[in-house]
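Below: the structure, in structure tokens.
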Amino acid sequence: MDLEGFNSADLAELRATLLACCDVPSWADTVLAGRPYADTGEILRVAGTAAGAFTPADVDRALAAHPRIGERAQGASTEAAWSRKEQSSVSTDAQTQAALVAGNRAYEDRFNRVFLVNAAGLDAQTVLAKLQQRLENDAATEAVATASELRGIALRRLARVLDLEDELAERRS
């Protein structure tokens, strides 16, 4: 979707697309309220600022739309398709898969939520290392890490909607 398409898209359809990027209604509404945008960079700035205001309840709500790392998202929704693409490099051998299952279980037992990582482009070993590292966090540190990962996923997905994924990746480098 180009800038003109974003600015002129049907409100309900664009809101559904934004909620597929990140299921936080206040975030989607803030991004929508900024229309019309002068450029795509402005969209990403507004979205980034709005994502910086995620509350713990926002994070919990958004996490409900994410499958466990290493598990294939089911269904035909946009969110499921994006999740499958993002986790495509996490496919792995049986030993690493078992370690991810055990790590997910330990994480959920410890923090009472699914482990979230911005997995696009990460291999299974890297994801597993991040999971093991974050299991060492205290609850407050992990809440901050989870919100940060969610922000990254939301912005990457929005960049995908705007056909800017490569540009966003270059900004992070």
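The values are calculated or read from the model by the stated rules, or taken from the named source; none is laboratory data. Here the structure is a predicted model, which is why all the values come from computation and not from measurement. Every residue, glycine among them, receives a Cβ derived from its backbone with ideal geometry; neighbour counts consider all protein chains shown. The protein model used for the area step is the full one, side chains on, heavy atoms only, and it has no ligands, DNA or RNA in it. Shrake-Rupley method; radii C 1.70, N 1.55, O 1.52, S 1.80 Å.
For the subset of segment 107-131 comprising residues that are assigned to a helix (DSSP H, G or I) and open to solvent by less than 40 Å² (accessible area, probe 1.4 Å), which member is farthest from Pro56 (Cα to Cα)?
The selected residue is Ala124.
Residue under question is Asp29, and the condition is that it be in a helix (DSSP H, G or I), loosely packed, with under 15 Cβ neighbours inside 10 Å and at pLDDT 90 or above; does it hold?
Spelling it out, Asp29 is indeed in a helix (DSSP H, G or I), loosely packed, with under 15 Cβ neighbours inside 10 Å and at pLDDT 90 or above.
In the set Leu164, Leu135, which member is modelled with pLDDT of 90 or more and either open to solvent by less than 70 Å² (accessible area, probe 1.4 Å) or under 24 Å from Val31 (Cα atoms) (or both)?
When all the criteria are applied, what remains is Leu135.
Looking at Gly75, Gly70, which is the one that is modelled with pLDDT under 95 and buried (at least 18 other Cβ atoms within 10 Å of the Cβ)?
Gly70
Which one is modelled with the lowest pLDDT among residues in segment 57-67 that are part of a loop (DSSP other than H, G, I, E, B) and under 20 Å from Arg160 (Cβ atoms)?
Selected residue: Pro67.
Just give me the residues in segment 1-26 being touching a Ser or Thr at 6+ places or on another chain (Cβ under 9 Å), in a helix (DSSP H, G or I) and over 23 Å from Pro67 (Cα atoms), in sequence order.
The answer is Leu3, Phe6.
If we keep just the residues of segment 32-48 that are in contact (Cβ under 8 Å) with a residue 12 or more places away in the chain and open to solvent by 50 Å² or more (accessible area, probe 1.4 Å), which is nearest to Asp2 (Cα to Cα)?
Out of the qualifying residues, it is Asp39.
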